[in-house]
1. Show the residues, 5+ positions off or on another chain, whose built amide H is closer than 5 Å to the amide H of A58.
2. Over all alpha-carbon pairs of the stretch 36-86, lay out the pair-distance distribution in 10 Å bins, whole %, shortest bin first.
3. Solvent-accessible area of L172, probe 1.4 Å, all protein chains present, reported in Å² to the nearest ten, please.
4. Describe numerically, in nm with one decimal, the distance between label points set 7 Å from Cα along Cα→Cβ at K175 and at E110.
5. Dipole magnitude of the stretch 1-83 about its Cα centre, charges +1 at Lys/Arg Cβ and -1 at Asp/Glu Cβ only, in debye to the nearest 20?
6. Averaged over all directions, how much area does the convex hull of the C-alpha atoms of the stretch 84-187 cover when projected, in nm²?
7. Please give, to one decimal in nm, the separation of the simple spin-label points placed at N96 and D153, each 7 Å out from Cα toward the Cβ.
8. Rounded to two decimals, what is the ratio between the C-alpha radius of gyration of the chain and 2.2 N^0.38 Å?
Amino acid sequence: MQDDLNLILDDANDSMQKAISHLEAELIKIRAGKANPLILDGIMVDYYGAPTPLNQVANVAVADARTLTIQPWEKNMLQPIERAIIASNIGLNPQNDGMIIRLFLPPLTEERRKELVKRVNGEGEHAKVAVRNIRRDAIEGIKKLQKDGLSEDTAKDAEADVQTLTDKFITLVDKHCAAKDKEIMAI
């Protein structure tokens, strides 16, 4: 019984950690006025008929604080990369000079900053929902063990442990969102 209980708690901890990792990955994609190659993650380029991630057909680098450069491995990939960036709807206009593509990140307006903060808070809310769903599943598992003979006191203690874990991860989500909000609102 105790092994099953430990397994439930470990699974909940691992799953909540994955939810935090996902949140961190999503927050990195939200640009805060600085050039970051990760904002191009998820852009797929048509590479000879096969959708391929941008970073596998070109070198993406930060030229300065507001400029990204994209140098394709093959010169004939300039047009497909340009089309993929436009189609991705990330709000950036590619500048093609025949050799490399430059992406200039415009300074953020106050209105755009507020939109980004709303998006950050939405991502935070998704992470909190994921953590709460994991808590619910863990508590259901504990209740099943209780039906199978786990003592009521042990079950209550385990549920309290799950709640403590949940509170810890919810606080972590809030910290990540607050840090990103501060980064976005800094001029």
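The values are calculated or read from the model by the stated rules, or taken from the named source; none is laboratory data. The shown structure was predicted, so the numbers you read here are calculated from the model rather than taken from an experiment. FYI the Cβ positions are ideal-geometry reconstructions off the backbone, even for glycines, and counts take in every protein chain you see. Only protein heavy atoms, including side chains, enter the accessible area calculation; ligands, DNA and RNA are left aside. Shrake-Rupley method; radii C 1.70, N 1.55, O 1.52, S 1.80 Å.
1. Counting only residues 5 or more places away or on other chains, the set is W73.
2. Bin by bin from 0 Å, the calculated values are 27, 59, 14, 1.
3. Surface open to solvent at L172 totals about 60 Å².
4. 3.2 nm
5. Using Cβ point charges on Lys, Arg, Asp and Glu, the stretch 1-83 gives about 740 debye.
6. On the way: hull surface 40.4 nm².
Average of the hull's projected areas for the stretch 84-187 equals 10.1 nm².
7. 7.3 nm
8. Numbers: Rg = 22.3 Å, N = 187, 2.2 N^0.38 = 16.1 Å.
Relative to the 2.2 N^0.38 Å estimate, the chain comes out at 1.39.
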